[in-house]
1. For the chain, what proportion of DSSP beta bridges, expressed in % and rounded to the nearest 5, is antiparallel?
2. Using only helices, what value at 222 nm comes out for the chain when you add -39,500 (n - 2.57) per DSSP H run of length 4 or more and divide by the total residues, to the nearest 500 deg cm²/dmol?
3. For the residue pair K160 and E77, what label-to-label distance in nm results when each label sits 7 Å from Cα along the Cα-to-beta-carbon direction?
4. List residues of region 335-349, by number, whose backbone nitrogen lies under 18 Å from a label position 7 Å along Cα→C-beta of I309.
5. Lys and Arg at +1, Asp and Glu at -1: add these up for the other residues within a Cβ distance under 9 Å of R352 and post the number.
6. How far apart, in nanometres, would the label points at D54 and D241 be if each is projected 7 angstrom from Cα along the Cα-to-Cβ direction?
7. Give, as a single signed number, the net charge of other residues whose beta carbon lies under 15 Å from the beta carbon of P59, with Lys and Arg counted +1 and Asp and Glu -1.
8. With the chain treated as a Gaussian network of Cα nodes joined by springs under 10 Å, which of I142, I131, I262 yields the largest mean-square fluctuation?
Amino acid sequence: MILTIFGYPKTGKTLLFNLLTEQNVEISKFSSSAQEYHKSVVDVPDHRLKALADHFETPPVYAKIEYLDTGAIAIGEVKNSMFIDLIRRADGLIHIVRAFEDSEIIHPKGSIDPLRDLDDMEEEMKSIDFISIEKRLERLEIDIRKIKTKELLEEYELQKKLKEFLEEGHPLREYAWTSREEYLVRGFKFLSQRPIIKLINTDESSYHQFADYHEKMENHSLTLVFCGKIETELLELDPEDREVFQQEYGLEKYDYIKENLIKKSYELMNLISFFTVGKDETKAWTVEKDSTAFNAAGKIHSDIQQGFIRGEVIEWDKFLEAASFAKAKELGTLRLEGKEYVVSDGEIIHFRFNK
Ligand SMILES: Nc1nc2c(ncn2[C@@H]2O[C@H](COP(=O)(O)OP(=O)(O)OP(=O)(O)O)[C@@H](O)[C@H]2O)c(=O)[nH]1
Ligand SMILES: [Mg+2]
């Protein structure tokens, strides 16, 4: 899964990237070379996988997230940005805005107003989608005059609906997509259709001022508030000192962004994990909520999917209670399930298949 961090200049993108990936990319108060971007792949932490790996004495293989940190994008310039492909390519977006004060760091708008900046970016993304849709509609009108295929007509109606939806002021992620509709416009990678985490980067003094935005989940968008610079400083301390300073800053109940963001992105993007265990490795797999055992098998290998016979399924903690598959069978906690079985978060699945 790819998550792309983007935003206006000097909002703390690279500082966030460092926190999420434990890298040490240089950050600066002054304008940097906007040409470069950073990339890093991290493990998705999962205590359940760790416990299973300990039991089987095999290495845990965590699910992975690839984070991309783009350079600054000037206001109004998303459409011309060299990073637009990195934004389109993402499975989910992280848009970060500045709420922290620092008189030495110039804000391109001359004042600090994170909610305004969130809206500005939303408008830019919607208007880029609007322009792509208008162009596509013109093209479709020409094509349909030549040949009227069912699919072209279907797409034409949909693009018109999407255009109206944008005109009413909604981002495309709020549209009630059917899977057929998603399929029809899959090639467009609309920016406002991507699930998005809106991150407000603030100091301890205004952290509580944004309390309404601490975990605001709505229509495939989630807003979170964090203190980038303070968090970086806190992480350099020993855990006991950290608590003392957190109290001093009034951040007793602070959620550190690295784990919080991953946990919340899984919720936002409707993702769950299942596990496979074996003599070589204990592995976490990511699938969409409501995936069937058949879909899950396909994640691992097309041969397993094609030869699917059944899945032996057990919740990770029930397995550890039983301590072996034989015992779990005896206790009745290990179940046999068919292709249509809907996988739940935290299950171990052992696939039986015809080779
Ligand atoms: N006070 C304060 N300063 C911050 C915070 N986050 C970032 N900064 C400062 O803002 C400056 C820019 O940080 P970067 O992480 O480089 O920001 P960026 O968005 O990657 O910048 P560009 O890539 O140049 O657009 C640095 O001097 C940081 O120390 C924060 O939460 N509080
Ligand atoms: Mg940067």
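1. Values: 28 of 52 bridges.
For the chain, the DSSP antiparallel bridge percentage is about 55.
2. Details: 14 runs with 144 residues, N = 355.
My calculation for the chain gives -12000 deg cm²/dmol from helical runs alone.
3. 3.9 nm
4. Counting only backbone N, you get 335-341, 349.
5. Values: positive: R310; negative: E312.
Local net charge: 0.
6. Label-label distance for D54 and D241, simple model: 2.8 nm.
7. On the way: positive: K50, K64, K279, K283; negative: D43, D46, D54, E57, D280, E281.
Net local charge, P59 excluded: -2.
8. Judging by the Gaussian network model, the answer is I142.
Values quoted throughout were computed directly from the atomic coordinates according to the rules given, and no laboratory measurement underlies them. Because the structure is predicted, anything quoted here is derived from the model rather than measured. Virtual Cβ from ideal backbone geometry, glycine too; neighbours counted across all protein chains shown.
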